[in-house]
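A quick write-up on the structure given underneath.
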Amino acid sequence: MSKVWISSFFKYGERFVPAMEATEPVPDSFYIEGALCITVDGQEFLTLAHADLVDQLWLYIVDGLGKLRAGEVFETYFPDQPTQLTFRPLGPERLLLTVKTDAGKKSVQATRTEMLLALCEGAHQFFNALDIVVPNHGFDLPAIHTAIDGS
């Protein structure tokens, strides 16, 4: 079993604040900059260097959870840069995560169950935090939370 850590950050100027600790409004509520960080078994996969429009990236991932649950390949691009993120099943129990940027390609393997649990928990935490730092975001949070849970 692999251990997966997921954390989200909001960007305030040049500093990143963990989403769970953020209490002040983000600088631009239309372009919500931040990062989604993923570490698998101590190996950093996505880092602060992959910063983008973090709310949109999370929405893309939530949209792909159904494919991951069904054991299908899920691919998406980051919202504001030519970075491709792929989750590819390696049999019923493993996933190969790949991120392709202009600088190259990086991959890591994770246990499918651990990754799904971490993604769901991370998404719930992020959208709960978003509700604090962008109170008038316009997202349908109950529908997002339902999609995260696969209901």
Exactly one of LEU53, LEU48, LEU130, LEU119 is closer than 19 Å to SER2 by Cα, at pLDDT 95 or above and among the aliphatic types (A, V, I, L, M), and that one is LEU119
In region 52-72, anything surrounded by 14 or more Cβ atoms within 10 Å (Cβ to Cβ) and either of a type in the set (Gly, Ala, Ser) or in contact with a strand residue (DSSP E or B) (Cβ under 6 Å, 6 or more places away or on another chain) (or both) is listed as VAL54, LEU57, TYR60, GLY64, LYS67, LEU68
- Task: Kindly check whether there is at least one residue in region 99-114 that is under 23 Å from PHE16 (Cα atoms), in a helix (DSSP H, G or I), modelled with pLDDT under 95 and not hydrophobic (A, V, I, L, M, F, W, C).
- Result: no
Of LEU96, LEU119, LEU68, the only residue that is of a type in the set (A, V, I, L, M), within 25 Å of MET20 (Cβ to Cβ) and without any contact (Cβ under 8 Å) to a residue 60 or more places away in the chain is LEU68
Of the residues in region 85-101 that are closer than 18 Å to ALA51 by Cβ and more than 13 Å from the chain's Cα centre (by Cα), the one that is surrounded by the fewest Cβ atoms within 10 Å (Cβ to Cβ) is THR101
Output for Cβ contacts, cut-off 9 Å, separation at least six or different chains, first residue free of Cβ contacts under 8 Å to residues at least 12 places away in the same chain in region 14-37, second outside any helix (DSSP H, G or I) and polar (S, T, N, Q), reads VAL17/THR23; PRO18/SER7; PRO18/SER8
Scanning region 129-146 residue by residue, the ones that are within 14 Å of the chain's Cα centre (by Cα) and more than 17 Å from GLY66 (Cβ to Cβ) total 2
Q. Condition test on THR98, is it hydroxyl-bearing (Ser, Thr, Tyr), closer than 17 Å to SER2 by Cα and out of contact with any helix residue (DSSP H, G or I) (no Cβ under 9 Å at 6 or more places or on another chain)?
A. yes
Given (1) surrounded by fewer than 20 Cβ atoms within 10 Å (Cβ to Cβ); (2) of a type outside the set (Gly, Ala, Ser); (3) in contact with a strand residue (DSSP E or B) (Cβ under 9 Å, 6 or more places away or on another chain), PHE139 misses just (3)
Of (1) assigned to a loop (DSSP other than H, G, I, E, B); (2) in contact (Cβ under 8 Å) with a residue 12 or more places away in the chain, HIS145 satisfies every one except (1)
Of the residues in region 37-51 that are polar (S, T, N, Q) and assigned to a strand (DSSP E or B), the one that is surrounded by the fewest Cβ atoms within 10 Å (Cβ to Cβ) is GLN43
Whether any residue in region 23-36 is modelled with pLDDT of 95 or more, over 11 Å from the mean Cα position of the chain (by Cα) and assigned to a helix (DSSP H, G or I) is what I want to check.
no
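The values are calculated or read from the model by the stated rules, or taken from the named source; none is laboratory data. Quick caveat, the model's predicted, so the values are computed rather than measured. Backbone-built Cβ (ideal geometry, glycine too); neighbour counts: all protein chains shown.
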